[in-house]
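Bear in mind that the values in this text are calculations on the coordinates, not laboratory data. This is a predicted model, so every value here is computed, not measured. Quick reminder, even Gly has a Cβ in these numbers, built from the backbone with ideal geometry, and neighbours come from all protein chains shown.
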Amino acid sequence: MFVLGAGGLGSPVLTYLGAAGVGEIAFADHDRVELSNLNRQVLYTEADLGRSKAAVAHGRLAAFNPDIRWLAHAEPLTAALAGSLLPGCDVAVDCADNHAARSILAAAAQRAAVPVIHGAVAGFEATVGVFDSRSGPCFACVSPAAAEMGEPPPVLGAAVGVVGCLMATETIRLLCGIGPDRRGQLLLVDLERGTFDWVKAEKRPGCPICGLAPVGS
């Protein structure tokens with residue numbers, strides 16, 4: 001398994017996948033711990049300020065469940081890195097905080113025929129997606145281009161925790177084949193209103209990612 005990001009979403013995702021006993025988890029995050037992270041990134045404390053998130057998270061997670069093979073990568077996700085990590089994975093989990101990294105992961109997952117659990121939070125609103133790279137839709141279908149926006153809205157730490165837990169749940173369901181198949185669906189979350197709605201995502205004609213053929217097809 002591969003998890004992109006060890007921040008606000010990655011912290012609960014990695015923790016609960018580790019608690020579930022997933023045997024091998026690789027993750028990547030090239031950032032360092034900042035004070036502004038601590039309201040939502042629960043793998044870190046003030047004692048970790050300035051340190052590599054990947055290194056700190058690896059130490060905490062290995063202590064939390066030493067039976068899992070934790071593989072930390074303290075570098076930005078590139079097409080080459082994603083291409084080396086995704087083949088052989090059962091699932092990839094998108095906890096990134098930027099469009100470029102999400103797109104790289106989506107393309108590599110499509111090439112390797114690996115399903116992707118996606119999550120994103122802005123303020124009190126969030127989306128959780130279950131994408132099947134073999135048939136579409138994919139992340140690029142529902143978010144074809146990076147939106148032009150100013151300063152991102154503040155994120156409530158508890159909201160990120162809720163969404164991260166939902167992502168971990170969908171990952172475990174997919175791995176174990178539990179419950180309804182939600183591939184190709186998006187969960188729209190509004191924590192201010194308290195609403196959770198599953199909607200069907202549509203494959204975008206001519207999508208540059210899921211319009212590609214998987215390797216070996």
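Report the Cα centroid-to-centroid distance between the range 20-71 and the range 75-145 in angstrom, as an integer.
Answer, in whole Å: 20.
Given the Cα-Cα distance of F196 and A20 and 0.36 nm per residue of separation, how much length would full extension add, in nm?
On the way: separation 176, 0.36 × 176 = 63.36 nm, distance 2.43 nm.
Net length gain for the segment: 60.9 nm.
Of the listed values (1) 14.4; (2) 11.7; (3) 15.3, grab the one calculated as mean projected area of the Cα convex hull in nm² from the structure here.
So the structure-derived entry is (2).
Between A122 and L49, how high is the FRET efficiency from 1/(1 + (r/R0)^6) when r is the Cβ-Cβ distance and R₀ = 25 Å? Nearest 0.05.
On the way: r = 25 Å, r/R0 = 1.01.
Rounded to the nearest 0.05, the efficiency is 0.50.
Check which residues have an amide H placed less than 5 Å from L71's amide H, if you skip close sequence neighbours.
Residues meeting the criterion, in which the H sits 1.01 Å from N, are I25, A26, F27.
Based on DSSP loop calls and a cut-off of at most 15 other Cβ atoms within 10 Å, the longest stretch of the chain free of exposed GluC sites (Glu not before Pro) is what? Numbers along the way, then the final one.
Working: sites that count: E34, E148, E192, E202.
Looking at the chain, 35-147 is the longest stretch - no exposed GluC sites (Glu not before Pro) with at most 15 other Cβ atoms within 10 Å.
For the range 153-212, just the Cα atoms, rotate onto the principal axes and tell me the three extents in Å, largest first.
Principal extents (largest minus smallest coordinate, Cα): 37, 32, 17 Å.
With 10 angstrom as the radius, rank K200, K53 by how many other C-beta atoms surround their C-beta, starting from the fewest.
Details: K200 9, K53 27.
Least to most surrounded, the residues fall as K200, K53.
Just grab the label-to-label distance for N98 and A80, each label 7 Å out from Cα along the Cβ direction, in nm (one decimal).
1.8 nm
Can you compute the charge dipole magnitude of the chain about its Cα centre, using +1 on each Lys and Arg Cβ and -1 on each Asp and Glu Cβ, nothing else charged? Give it in debye, rounded to the nearest 20.
Details: 16 positive and 21 negative charges, 103 e Å.
So the dipole magnitude of the chain works out to roughly 500 debye.
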